[in-house]
Structure formats: structure tokens, C-alpha cells
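Structure first, commentary second.
The values are calculated or read from the model by the stated rules, or taken from the named source; none is laboratory data. Everything quoted here is computed from the prediction, not taken from an experiment. With ideal geometry, Cβ positions are generated from the backbone for all residues, glycine too; neighbour counts draw on all protein chains shown. Each accessible area value is taken on the protein alone, full model and side chains, heavy atoms only, with ligands, DNA and RNA left out. Shrake-Rupley method; radii C 1.70, N 1.55, O 1.52, S 1.80 Å.
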Amino acid sequence: MSELFNIKISSNSKSYSVIVGPDIVQSRLENQPMFRIVDDRLSALFPFTNHEPVVHVSATEDKKTLESVATIIETLRSKGATRNAHIVALGGGIIQDVATFAASSYMRGIPWIYCPTTLLGMVDSCIGGKSSINVGQYKNIAGNFYPPDEIWIDTVFCDTLSSVQKAEGLCEAVKICFAGGEPFNDYLMWVDTYPDYLTDPSALAPIIGIALSTKKRFIEEDEFDNGIRRLLNFGHTFGHAIEGATHYEISHGIAVGLGVIAAIHISVQLGRVSADHPRVQALLNQVQNLLRTVPSLSSTIQELDTHAAMTCFRSDKKHSSTHFAMILLNEAAELEFSQHPRTDAIEALIQTTFGHIKEQT
């Protein structure tokens, strides 16, 4: 097994390791009997993921629900899983969310391993232990913290990703690095070193390492999302609203990229930061370059109903009954947690910001 790097994550729940390298998952699966929760699209692409006992899941946004978790639990039981069973989950963020919830609930919790197969999962969501599922119209309203015992990141899965899927992951990666401060310079150096990063899968391993090492610092300092880790929500409040208003036609990572543009815009409009600040300009340039690789994005975003986006924005779980909570930039172009009273003026500014996204894309 050719591991590229191994990152140790310490948490109150448990400590776990992240192993990254090419062709590391298949050999590990062959040596360990485990129940598998698998994105059903992987079966044809990677037949080694399909061995019994397996629970296939359709990894679409409408399946990220309590009902899907219940179905997984029922299937595990029907296939003979006991409290001593181990689970390995293979797929992107949706698989991770439902598998986390199922593993934490099944017989009060059983061990599990996560193998992210999307770049979005590899650079971001695979560490931190959070799960979030949708209930009715409310996105990510239910969830818990239940880290895996190990994370296996196999870069072979990147070979089958489209440029859009890579852009999704990199929108999250650039956000994480920017939130971390100095790692943003590492991101910019990586872009300069690997100009063909969207077409060269081998170029992605370094940015996976940079992003995870940056996020590791946030989650070890603030495991349960009560302090500095909230900065990683940069772009998410606007992004979730865009996802909901487009009925998830715009996927999560791309919506986060759009959300970053929105958060920059409102920070400038509120007089918190200059639009000419070099870090602001560098961030905008990186995000816009990624978004330009999404062929249908311009036409899709033009159909965005700003009133529907505002409705989704209001329902975000991070807000209080009296204030909107946002991650915005300060005068040094660093991120800060910011709360604003729910006034007509701020609502009008937020809705105008959704209109600004349409103009910038």
C-alpha cells in the first residue's frame, strides 16, 4: 500500500486517522470483513465496492432523510449485523451523512470507517464527525457528532470525477484555506505549481493534504462547532439558501462558491472590508475561476428566485429568532462571526446580494 500521508485527528469523542494514497481501499476491504454502505453508482465503476454484505443507497439529496437512515438500519439488521459489526461507508457527503447517523444509532452505536469518493468529501466533510440530514423543507436540521474509527482516502476515485465535481471540492478547499489564514497562500502556490489541476488527478493529493491539515486545527480546537470552527461556515449560509431555492439543481460545493461571493459582497456593502484588498481579490479570482468550469451555471443562476432564496436564508438553523448569523470579512480580510438584527434594511441588503450573485456569474 502506497500511503502518501497520514493525519491524526484528536477529538473528545475519539481519535482517528486519515490515510491518503492511491489504491489503498480495495486491498483493505479484501482483508477486513465489514458491512458496506455504498453509493449505488459506484458498483459499475468500482466492482470491488459491491461485495456482500452491502447496503446500496441512492445518493441524492432527497434521500438524505430520517426515512433513508431507517431503511439502512433495517437492511443492516436483515443482513445479520450485530452490535459487534463494523461498517465501511463508500461515497460522497450524502453517504457520509446517512452512514454517520445510522452507525451512531444502530444498537446504540457501532464502529465504522469512511471512504470518501468525491473530492468534496476528501478535502472537507470526511473529518469532524458531523452528520446532517434534511427533515421536510429544512436542510441539515437534524444531525449529530459520531466520528469514524478511520478514514481511507483513495485518490483512485478522483480518476472518475468530472471537472464540475472537482470544482465542487476545490470551492470548499479554497474556503477552508482562506479561513485558516496562511494556508490560503499554500493554496495559491498549489495552483501555480499545478496549473492543470482540473485535468490531472495526481495533482489533487497535495491540496487534499493542505485542506485537511487546515481543517484539523479548527476541529481539534472547537470540536462541537461553538467557537472558531464556525468560521468554516463561510459561504454556507448563502450557499444553503441557493441550494434550496434552486431545488438542489445547484450542488453543494458550487453553491458554497457562490455563497463565498455573496459573503464578500455583503461584507463590502456593510463597509467591513475594501473590495480592493489583495486577499479579497485573490479569493474572488480563485472562486470565479472554479465556477467558470461549470457549463450550465450561468443559465441556472439566472433563474434564481431571490424571494425564494431569502425564504431559505431566513430558515437557516444558525440564525436566532432576533438576529441573522453570518461569517463575514473584517478590514484585514479575515473571517469573523457576525450577527445582525432581523431588520427590513438587512433583509433588503441580503436579497440584493442574491441578485448580485446573478450578475457576477
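Some notes on this structure:
- Taking the stretch 63-97 as the range and being assigned to a helix (DSSP H, G or I) and more than 15 Å from Met107 (Cα to Cα) as the test, the residues that pass are Lys63, Leu66, Glu67, Ser68, Gly93, Ile94, Ile95, Gln96, Asp97.
To keep it simple, each residue is scored yes or no on (1) closer than 20 Å to Ala282 by Cβ; (2) of a type outside the set (Gly, Ala, Ser); (3) open to solvent by less than 50 Å² (accessible area, probe 1.4 Å).
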site: Thr193; (1), (2), (3): yes, yes, no
site: Tyr197; (1), (2), (3): yes, yes, yes
site: Ala203; (1), (2), (3): yes, no, yes
site: Gly209; (1), (2), (3): no, no, yes
site: Glu223; (1), (2), (3): no, yes, yes
site: Arg230; (1), (2), (3): no, yes, no
site: Gly235; (1), (2), (3): yes, no, yes
site: Ile242; (1), (2), (3): no, yes, yes
site: Ala245; (1), (2), (3): no, no, yes
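- Within the stretch 22-38, restricting attention to residues that are under 22 Å from Gly129 (Cβ atoms) and over 20 Å from the mean Cα position of the chain (by Cα), the residue that is most open to solvent (accessible area, probe 1.4 Å) is Gln32.
- Residue tally, condition modelled with pLDDT under 95 and in a loop (DSSP other than H, G, I, E, B), over the stretch 326-361: 1
- Selection within the stretch 58-98: residues that are under 14 Å from Asn140 (Cα atoms) and touching a Lys or Arg at 6+ places or on another chain (Cβ under 7 Å). The member of this set that is least open to solvent (accessible area, probe 1.4 Å) is Val98.
- Test: residue in the stretch 173-184 that is more than 17 Å from the chain's Cα centre (by Cα), at pLDDT 95 or above and acidic (Asp, Glu): yes
- Residue list for the stretch 315-361, restricted to those being β-branched (Val, Ile, Thr), open to solvent by 50 Å² or more (accessible area, probe 1.4 Å) and touching a strand residue (DSSP E or B) at 6+ places or on another chain (Cβ under 9 Å): Thr322
- A single member of Ile141, Ile153 is open to solvent by less than 20 Å² (accessible area, probe 1.4 Å) and either more than 25 Å from Cys312 (Cα to Cα) or not aromatic (Phe, Trp, Tyr) (or both), and it is Ile153.
- For the stretch 226-246, the candidate set comprises residues that are within 23 Å of Leu170 (Cβ to Cβ) and assigned to a loop (DSSP other than H, G, I, E, B); within that set, the residue that is farthest from the chain's Cα centre (by Cα) is Thr246.
- Residue pairs whose Cβ atoms lie under 8 Å apart, separated by 6 or more positions or on different chains, with the first residue in the stretch 102-113 and in contact (Cβ under 8 Å) with a residue 12 or more places away in the chain and the second in a strand (DSSP E or B) and polar (S, T, N, Q), are Ser104/Ser131; Ser104/Asn144.
- Selection over the stretch 27-45 of residues that are touching a residue at least 60 places away in the same chain (Cβ under 8 Å) and in contact with a Leu (Cβ under 8 Å, 6 or more places away or on another chain) gives a count of 3.
- In the condition set (1) open to solvent by less than 10 Å² (accessible area, probe 1.4 Å); (2) aliphatic (A, V, I, L, M); (3) under 18 Å from the mean Cα position of the chain (by Cα), Leu297 is compliant with all but (3).
- Taking the criterion of being closer than 14 Å to Met326 by Cα and in contact (Cβ under 8 Å) with a residue 60 or more places away in the chain, the residues of the stretch 237-251 that qualify are Thr237, Phe238, His240, Ala241.
- Listed by first and then second residue, the pairs linking a residue in the stretch 8-22 that is on the phi > 0 side of the Ramachandran plot to a residue that is open to solvent by 10 Å² or more (accessible area, probe 1.4 Å) and in a strand (DSSP E or B), with Cβ atoms under 7 Å apart and 6 or more places separating them unless they lie on different chains, form an empty list.
- For the stretch 296-314, the condition holds for at least one residue, the condition being that it is out of contact with any helix residue (DSSP H, G or I) (no Cβ under 6 Å at 6 or more places or on another chain), under 18 Å from Thr353 (Cα atoms), assigned to a helix (DSSP H, G or I) and charged (D, E, K, R).
- Those residues of the stretch 247-281 which are of a type in the set (A, V, I, L, M, F, W, C), part of a helix (DSSP H, G or I) and open to solvent by less than 20 Å² (accessible area, probe 1.4 Å), in sequence order: Ile254, Ala255, Val256, Leu258, Val260, Ile261, Ala262, Ala263, Ile264, Ile266, Val280
- All of (1) within 30 Å of Ile19 (Cβ to Cβ); (2) at pLDDT 95 or above hold for Asp222 with one exception: (2).
- Scanning the stretch 99-128 for residues that are open to solvent by less than 10 Å² (accessible area, probe 1.4 Å), under 15 Å from Ser17 (Cβ atoms) and either aromatic (Phe, Trp, Tyr) or assigned to a loop (DSSP other than H, G, I, E, B) (or both) yields Trp112, Tyr114, Cys126, Ile127, Gly128.
- Condition check for Val268: of a type in the set (Val, Ile, Thr), more than 19 Å from the chain's Cα centre (by Cα) and farther than 30 Å from Ala348 by Cβ: no
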